[in-house]
Amino acid sequence: MRVNAIAMTLVLSLAAARGAYAQNPDVTSEPFMKAALTVMTFDYFAEQCNQGSGFAASDAAKVEAWETTNGVAQIRARLPEFDQHPTQKQQLELALSTITKQIARQHANINPCTAAVSLSQIPDAQFAKVSPQILSLVSKPPKTPKKAAQPPAKTPENVTSASDSEIVKQIDSFGFNSRPKMGIGGFIVLDIYPVVLFRNGEALTNVEGLSFSGGIAAHKRANPDEWTRWRKQGGKIELANKDAWEALPFSKTYPKLPNNFKLNGLFRSLSGTGNVAIGGSQSVAAWQDYRFSSDGRVVRGNGAGASNEAIATSNVAPNQRGTYRVEGLTLYITYDDGSSEHRILITDPTDPSTIWLDGVSYVRRKK
């Protein structure tokens, strides 16, 4: 993977995520919020890098020079101040989640060390040049402290995943929730996503956990924030949050799909980023689609494109053709070339205008 490709994605992702921040002094100022988001994103990938083989000597030198020149330790030391500004803290955390997920989707098997180094070299990360005022409060920025040695990551237990039928027995139904997310061009859109409601009163807010390699119990241990409790109250489905119960915006729930359930039409998942929403002209989009037929045939395609004021580019992969079937929660596809895939499938069986495959939404299109 080329470093400049990762850097371009990082530039566009950061530009999209950094919207109109408050113009108050100190940490809530726009320049500091931008710098904080950049440092947080760098730390995200640097931590993953250090859990592996770590930075190569030449890259470590680049990172150290960047941190020293741009007062990164000073910025990092002030991040806890956002605890006093919950709105801005939530905004940063949402932006960080959006950026890291977007980069992971656009660059499969990304090397976190390469991503961290690439991020440290982009123009917006040169705080001493672009935002010197945020570093002027301290004449001698502190040296970046060495992180305490992290204990070796525990090897996941060798747990045999429960079969699809066993998982189905544990599930009561599916509900749907909504949340804001950053869309193409940097605009905030409403994302509707499924929630898995288990018979024991537990709820899974990330449906990808159903296909976790170690099984549901292992996913719960590894991702406790994606699990909560649910209940029926006054005809509504409620999820427990930190302080109280909160009703789902959609009261209707659905059981598993019937066997031999058929889909019909073109379903497309579109993702992307850019800075159009904040006055820019750059946009990056990627898509995957499945064209299902009621006779059990399917055609899969995908592609990507980018544009700015001067140029537009695109790349479309060749289609794959095959057959599909639905059993319980699982969509099984066998392609004509001998390859295959299976995905957790969720949709309203009475109106499958949107389907979720392993938690990713695909919307039915006319063409």
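Nothing in this text is a laboratory measurement; each read-out follows from the coordinates by a stated rule. Keep in mind that what you see is a predicted model, and the values were worked out from it rather than measured. Virtual Cβ from ideal backbone geometry, glycine too; neighbours counted across all protein chains shown.
Below, the figures for the structure above:
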| quantity | calculated |
| --- | --- |
| 25 Å Cα-Cα threshold exceeded, pairs from Lys62/Lys89; Lys101/Lys169; Lys169/Lys220; Lys101/Lys252; Lys236/Lys366; Lys89/Lys252 | Lys62/Lys89; Lys101/Lys169; Lys101/Lys252; Lys236/Lys366; Lys89/Lys252 |
| Table column - 3J(HN,Hα) (Hz), segment 348-353, Karplus curve with 6.51, -1.76, 1.60, x for Gly and Pro | 7, x, 8, 8, x, 7 |
| Fewest-first sequence of Phe55, Phe127 by Cβ atoms within 10 Å of each Cβ | Phe55, Phe127 |
| Mean Cβ neighbour count within 10 Å, used as a protection proxy, ranking 243-254, 86-97 highest first | 86-97, 243-254 |
| Nearby aspartates and glutamates by direct alpha-carbon distance to Lys262 (threshold 20 angstrom, same-chain neighbours under 8 apart not counted) | Asp164, Asp289, Asp295, Glu327, Asp336, Glu341, Asp348, Asp351, Asp358 |
| Relative exposure of Ile192, Ile134, judged by other C-beta atoms within 10 Å (fewest first) | Ile192, Ile134 |
| Ranking of Met33, Met40 by count of other Cβ atoms within 10 Å, fewest first | Met40, Met33 |
